[in-house]
Structure formats: C-alpha cells, structure tokens
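Any read-out appearing in this document is the output of simple, stated calculations on the displayed coordinates, not a laboratory observation. Given the structure is predicted, the values throughout are model-derived calculations rather than measurements. For neighbour counting, all protein chains shown are included, and Cβ atoms are generated from backbone atoms with ideal geometry for every residue, glycine included.
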Amino acid sequence: MTELPLDVLPGVANVHSHAFQRRLRGRVQARNPAVRDSFWTWREAMYDEALTLSLSDVERTARALYVEMVESGYTAVGEFHYLHHQPDGTAYADPVATSRALLRAAADVGLRITLLFTVYARGGIDTPLSDRQRRFATPSIEAVWRAVDALQADVSPTVQIGLALHSVRAVPREWLGQLTAGARARSMVVHVHASEQPAEVAATRDAYGLTPIALLDTEGALTDVTTIVHGTWATSDDIARLATRGSTVCLCPTTECDLGDGVPPTSALFRAGVPLCVGSDSHVVVDPFAELRLVEHLARAATNERCVVVDAHGQVAPALTQIAHRHGYRALGLDGTGDTIGLDLGHPTLASTNADLASVAWLSGHPGVIDRVTVAGHELVRNGRHVERAALIG
Ligand SMILES: [Zn+2]
C-alpha cells in the first residue's frame, strides 16, 4: 500500500470470525469437574448457544461485535458462517436470510466483509448430522451454489462472498475438489478449518490414511486462494504442501489458547514462506494487537528464540504488518485501500520512546491507543469510538 504517515498503521483484516460465538464470552470459563474440559466440551456449549438464536439475535450480536472490531483496529472481517437455518433446522423463507443479516450488520457498521458461506454436510467422517447440527446443514453441492449465487448480487468493493468448507470432518471427500473448482470459477476464496485438534488429525488419518491438509491437497482443494484456518497440528509434510500450493494459514492465537488447541508451528510455516494472517475466531478477545503479538510470542515460546517472524532486515513489526494487512486482505479477496488505524500519540502506552512506532504499537499496544479508524477512506472511529456507536448498539 502507499506510504502512510508515521502515526498511521494499515487496518487489520480479521480473517476468521464466527460472530455468534461472541455471546459465549465469559460464560465458558469454569471447569466441569465431571469431564476433561477441552475443545470438544466447549463445542457442546457453543451448540447450545447456536440453537437458541433468532435471526434478529444473529444480526444484533454481529452489529455489536463489528462495532467492537472497528474500535479495536479491525477494518475487514471474514465471517465463516454456518448458522444457515432456523433453530429446528427448517429453512427460512429466504434460504440465505442469516447471511444477509450478517452483511447488513457489516454494512451498518461500515466494516468490510467477506461472507464465507460454509458447507456443512455431515456430523463426522462416518456420521450424519446430529439434531444439534441441523441448523448448519447444506444438503447438496447444488444447494450451496444456489445460496452463493443468490448472495453474489450483494458484492461490492466492501463486500465479497467466499466459500468455506467447514472441515474435512463435515464435508465429504468427493465434494472437496468440486467445491474448490466451483469457487475458483466464481473468483471466490476458499477457507477451511484444518488440523486444529489432534483427535481431528487422528480421525482423518484413520479414515483416509492422510492428514486433513494432505487430504485437501490430494483432492485439489489446496490452492493459492485457499486459507487453512488453524493448522495447529500441521506436520512438516503438510507445511511443504502449503508452501508448494501457495496456500495461506490463518492463525487465531487468542482462541487457540482459550480452547487449549496447542501451539502452532509458526516458525516452520513462516520459514517455509507460507503467508500467515490472523483472526479473532470465537471472540474471547477482540484485539488485533494481542493477536499479532501472540503470533510472534508463541513462536518464541516454541523455539526458545527471539524475533522469529521478521522481515528481510530482521524486523518484527513490518512482518506483523504484512500478516495484519496484506496477507489478511488477500486471504479475504478484498482490497484494503483506505483502511487505516490512526494512533493516539498522547497515549501513555506510546509516549516517551524513540523507538519505531509500529514496533511499539504491535508489540506493546492495545485498542486503547487508537484514535481514528478509516475503512475505504471513511472515518468510522474518532477519539477511539465508532461515530455512530450509540445508534448501532444502543
Ligand atoms: Zn472457526
């Protein structure tokens, strides 16, 4: 992007979001002594929440979340959306009503969005959808394209439609290549959850003799428009495949830490040249400074080294800026021109230092250091607050 003033950073793309999961914040932080608390127990709480939401709940939750996002420095979101139907699994009169609700929420707030219409066809590799998953159902490839093509009418410079494959658990093997080819033919990006949990990798190996990422590659679903979400348990062979195909990996460090997913192989991904980006995913934390800092800090923790994710001059901040903006926008198929974060140079966090401001901001900053945020050149945030906050979330 063009050179920015010293007190301005490029806006951050929040590449992976499930807006409704914001509602779980603070409510899933107590251990149940009867079970080993893990991603899988959290998932049951998430399903409970997903099954209670009305269409207006979906829109209202997203609108408030998107205000929080722009006030925190996110200027674009990738909404990985699978809450397609009514709570009992029957379709809305408009089959893409919930997708449209999310697009309205983003438009109201002024946030750029790529709505990633999510394919969810079965409960597990050998199991049909459970009653608790019927809300997510996409029964056929034809139904997916009907939905996606209906949504394409809303595309604009600030709105894109993309395709998400929920996971290799939820999408049949024979669909993976077909859906990816269809998305490419429509100039859409493709996102997929993969290798987040050891149990998921083990189940995929048992069924197919391949890791989730190797399976995607074998089926032609690993491409230069593919973004793998998480990749926490990616093997060295997976990483070589990702690098060869030019695929991106979206790390979601605050959520991955919250869910106990594991520590991603960031150093190996980065050194292999795999483009990285970030997402706030379950929104336990909405803070791009924390997300970016954790990318580097978890890489340090895993390698016993400092300054792992760096540019050609060994600098961390420019590498984090690339992750925040360039790689993130590319993963979403969006143009980030005019998307910026203006810093409050009087904030104590930024004061009294001769250091490079981007280094201070990304490695020591937080949303409180933000003064202004613009999307497509429009000022959405002034003095740290969305200019229409009261109307949007009142
Ligand atoms: Zn996710």
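Here the chain is described by how far its Cα atoms reach on the three principal axes: 59, 50, 48 Å, from widest to narrowest. Using a simple spin-label model with pseudo-atoms 7 Å out from Cα toward Cβ, E388 and S187 lie 2.8 nm apart. The three principal axes of the Cα atoms in the stretch 274-375 give end-to-end lengths of 35, 34, 31 Å, sorted in falling order.
Taking all Cα pairs closer than 8 Å and separated by 6 or more residues, the relative contact order of the chain comes to 21 percent. Other residues within the sphere of radius under 13 Å centred on the Cβ of R100, judged by their own Cβ, net out at -4 (K and R +1, D and E -1).
Modelled this way, with points 7 Å down the Cα-to-C-beta line, the labels at Y92 and L51 are 2.1 nm from one another.
Residue separation of W40 and R27 scaled by 0.36 nm, minus their Cα-Cα distance, works out to 3.1 nm of gained length. Counting charges near S38 (Lys, Arg +1; Asp, Glu -1) among other residues having Cβ under 14 Å from its Cβ returns a value of -4.
For the chain, the membrane-span-like helix rule (DSSP H, alpha carbon extent of at least 30 Å along the helix axis, mean Kyte-Doolittle at least 1.0) picks out no helix; this says nothing about an actual membrane. Placing pseudo-labels 7 Å out from each Cα toward the beta carbon at D356 and S236 gives an inter-label distance of 3.1 nm. Adding -39500 (n - 2.57) for every DSSP H run of four residues or longer, then dividing by how many residues the chain holds, sets the calculated 222 nm ellipticity at -11000 deg cm²/dmol.
Considering only alpha-carbon pairs that sit under 8 angstrom and 6 or more positions apart, the relative contact order computed for the stretch 304-392 is 23 percent. Fewest neighbouring Cβ atoms within 10 Å first, the residues C307, C250, C257 line up as C307, C257, C250.
Summing +1 for each Lys or Arg and -1 for each Asp or Glu, what net charge is found among the other residues whose Cβ lies under 9 Å from the Cβ of D7? Result for the neighbourhood of D7: -2. Listed by Cβ neighbour count within 10 Å, with the fewest neighbours leading, H297, H327, H230 appear as H297, H327, H230. Ranked for footprinting exposure by Cβ neighbours inside 10 Å, fewest first, F117, F270 give F270, F117.
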